[in-house]
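For reference, the structure is listed below as structure tokens.
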Amino acid sequence: MAMVAKVARLCRLAGRTVTSRSVTHRQPVSLPERICYISTSRGNYLQFRLDEQTAHSSLDLFKKDTAVIYRMLGLDLSYVPDNPERFRHWAVVFGDEKISSGRHYWEVTVKKSQEFRLGVAEAMMSREDCVGTNSSSWVFGYAQRKWFAMTSNKIVPVPLVGKPDRIGILLDYQAGLLGLVDIKKPTIIHTIKVQFQTPLCPAFGLWDGELLTHSGLEEPEGLK
């Protein structure tokens, strides 16, 4: 358990670039078939809520499932419905929409957390893993007052000074681009390039404080 706890925290920043890898570390988890779609309630902008069925027992959803708070002790596992979609070892939760095409943008208020990960993951990603540690997830994170990009357990420093209260995420499925966006300028701070091949879900990891998601947004002008 000591090793698991240690890995859950951010290790030393290292590496130069983040690219996709064809290596599969675990077999995808077998999940029941669910009806998921991209909401068009606000034009064609992606709108999602956090999916309680995927949320680890240390995470509580609130504000109509658009926000999540980390509770160190977590819930008594005997009170948490057991289902194959739930993350069992890591404080991770997915959004409730699957994305298999298009260009989408959302934002996250991060001012009340000092350790988190934001990005996307394959909808069928193993629930035994943490986002960023395998080749099925791509995230931007913040820990020890530093930003980083992470996939396949490889960490790349992101040169962002300070921590804004709110940050943007840009996903272009066909172009194979995931971008971290400074919403004040606005500009893309850092990109992860990867050839997506299966449906993705918005993905969030949280180890203190809380996050608030903002979806159904129009992409800021000028982002490339």
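The values are calculated or read from the model by the stated rules, or taken from the named source; none is laboratory data. Being a predicted model, the structure only gives us computed values, none of them experimental. Cβ sites come from the backbone with ideal geometry, for glycine too, and all protein chains shown count toward neighbours. Calculation scope for accessible area: heavy atoms of the full protein, side chains included, ligands and nucleic acids excluded. Shrake-Rupley method; radii C 1.70, N 1.55, O 1.52, S 1.80 Å.
Taking only the Cα atoms of the range 54-196, the ratio Rg/Rh comes out at 0.95, with Rh defined as the Kirkwood radius.
Once you sort the root eigenvalues of the Cα gyration tensor of the range 98-137 as a ≥ b ≥ c, which label holds: rounded (a/c under 1.5), prolate (a/b larger than b/c) or oblate (the other case)? It is oblate, given that a/c is not under 1.5 and a/b is not larger than b/c. For Lys154, a cut-off of 29 angstrom between C-alpha atoms picks up these lysines, skipping any fewer than 8 places away in its own chain: Lys6, Lys98, Lys111, Lys112, Lys146, Lys163, Lys184, Lys185, Lys193, Lys224. For the range 146-224, the carbon plus sulfur part of the accessible surface works out to 49%, probe radius 1.4 Å.
How large is log10 of I(q)/I(0) for the range 154-224 at q = 0.27 Å⁻¹ when the intensity is taken from the Debye formula with one equal scatterer per alpha-carbon? Here the Debye-derived log intensity ratios amount to -1.57. Summing Cβ point charges (Lys, Arg +1; Asp, Glu -1) relative to the Cα centre of the range 154-203 gives a dipole of roughly 120 debye.
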